[in-house]
Amino acid sequence: MLPVPALITSRGALFRSDCLELLGAVRPESIACVFADPPFNLGKDYGAGAREDLRGDEAYLHWCRSWLSECCRVLAPGGALFVYNLPRWLVPIGAFLMERLDFRHWIALTMKSTYPRGGRLYPAHYGLLYFTKGAPRIFNKLRVPVPACRHCGRDLKDYGGHRGALNPAGLSLTDFWEDTSPVRHRKFKTRAANELKPMIPRRALEMSTDPGDLVLDPFGGGGSTYKAAEECGRHWLGCEIGDCAPILERLASFDTRSRLPVVVRSALTARSLPLVRMR
Ligand SMILES: C[S@@+](CC[C@H](N)C(=O)[O-])C[C@H]1O[C@@H](n2cnc3c(N)ncnc32)[C@H](O)[C@@H]1O
């Protein structure tokens, strides 16, 4: 049974719980999009209540397979699953998903300020796997601004004399995202542990869902996905095993409620609901 939500807004609900507990309470095929940015097994400290982020390789992958299976189960036909991680883990995760879902893309996102470790190439990208359950129900084509020099404002690339023919709405989004490097400066961070630029989940949601659809992020962190969902009119469901305070702070300006939104409540099994209703 789920605990009382840590936060309810007019569009979503956050539970302080283990992801398997939340996923276990979700009805099959009820979610339009899952966005998952799990711990990378690098020994990061995610604060009070969080599990230790350093296990043996097989133990980590075993854990990943358990929540990924649940994500596949709750995904609606045509729904999308995004998994953000290091290439090292995305290879086995992708192989597991290939047996269950349809591969769409490996999106590479530039990684800044890292350093090479003994006898390896300089790591320069994170990966975002994009799978769907059968043919995608929604695929919205996104556009990005034409890249310009931040000093002089001139185009960074030469369009071979066809600059004038470019779509004024911008360039088609590709599977290589160079404008999404993680927020590093403390001033712009709301929490100590990894927080994605909201642009990353936002693109995933806008690409694969329509307003009103329900998205789920099982690893709340600083709440980037929930904020993106609020801002682009999607419903959302999420959980965080550790401290939820950064998410509450991040979403403080959104409309809070005492009852679950109908779309969210309908995605939860009857068994999981009684305690939620007591709120
Ligand atoms: C990489 S962070 C997610 C960051 C988030 N995408 C953001 O941009 O703010 C992973 C989060 O998952 C949480 N976490 C770890 N194990 C979990 C579990 N079993 N269930 C739920 N959350 C978990 C950690 O405490 C951490 O906050």
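Cβ crowding within 10 Å, taken as a proxy for footprinting-reagent exposure, orders Leu22, Leu196 from fewest neighbours to most as Leu196, Leu22.
Suppose a student asked you for the relative contact order of region 207-266, using Cα pairs under 8 Å spaced at least 6 residues apart; what percent would you report? Please report the intermediate quantities before stating the final value.
Working: 67 pairs, mean separation 21.4, N = 60.
Across region 207-266, relative contact order equals 36 percent.
The 3J(HN,Hα) values that the Karplus relation (6.51, -1.76, 1.60; θ = phi - 60°) gives for region 246-260 are, in residue order, x, 6, 4, 5, 5, 9, 4, 7, 8, 5, 8, 9, 9, 10, 5 Hz. Gly and Pro appear as x. Considering only Val144, Ala165, His62, the residue lying farthest towards the positive end of the dipole of region 32-173 is Ala165, judged by Cα position with unit charges set on Cβ. Anything over 23 Å Cα to Cα? Flag those among Lys112/Lys197; Lys44/Lys112; Lys44/Lys133; Lys133/Lys227, in the order listed. From the list (Lys112/Lys197; Lys44/Lys112; Lys44/Lys133; Lys133/Lys227), the Cα-Cα distance tops 23 Å for Lys44/Lys133; Lys133/Lys227. Residues whose amide H comes within less than 5 Å of that of Cys239, counting only those at least five positions distant or on another chain, are Phe15, Asp217, Phe219, Gly220 (H built at 1.01 Å from N in the peptide plane).
Distances between placed amide hydrogens fall under 5 Å for His125 paired with Met111, all partners being 5 or more residues away or on another chain. In degrees between 0 and 90, to the nearest 10, how far off the longest principal axis of the chain does helix 57-74 point, with axes built from Cα atoms? Taking the Cα atoms of the chain, the angle to 57-74 is about 80 degrees.
Of all the options Gly24, Gly238, Gly220, the one that moves most in a Gaussian network model of the chain with Cα springs shorter than 10 angstrom is Gly24. One decimal place: the segment Glu29-Ala148 gains 38.6 nm when fully extended, by the rule 0.36 nm per residue minus the C-alpha distance.
I need to check one value: relative contact order of the chain, counting alpha carbon pairs closer than 8 Å and at least 6 residues apart, in percent. Kindly include the intermediate steps, with their values, before the conclusion.
Details: 543 pairs, mean separation 81.7, N = 279.
For the chain, the relative contact order is 29 percent.
Among Trp236, Trp63, Trp89, the largest mean-square fluctuation in a Gaussian network model of the chain, built with springs joining Cα atoms closer than 10 Å, belongs to Trp63. Against the main long axis of the alpha-carbon atoms of the chain, helix 199-208 sits at an angle near 80°. One decimal place: the segment Arg271-Thr114 gains 51.9 nm when fully extended, by the rule 0.36 nm per residue minus the C-alpha distance.
Here the chain is assigned +1 on the Cβ of each Lys and Arg and -1 on the Cβ of each Asp and Glu. Its dipole about the Cα centre then comes out at about 440 debye.
Computed extension length for Met199-Phe139: 19.9 nm, one decimal, from 0.36 nm per residue of separation with the Cα-Cα distance subtracted. Converting phi to 3J(HN,Hα) with the Karplus coefficients 6.51, -1.76 and 1.60 and the offset θ = phi - 60°, region 161-169 yields x, 10, 3, x, 8, 5, 5, x, 7 Hz in sequence order, with x at every glycine or proline.
Each value in this text was obtained by applying a stated rule to the coordinates, not by laboratory testing. In this text, all values refer to a predicted model and were calculated from it rather than measured experimentally. Heads up, the Cβs are rebuilt from the backbone with ideal geometry, glycines too, and the neighbour counts pull from every protein chain shown.
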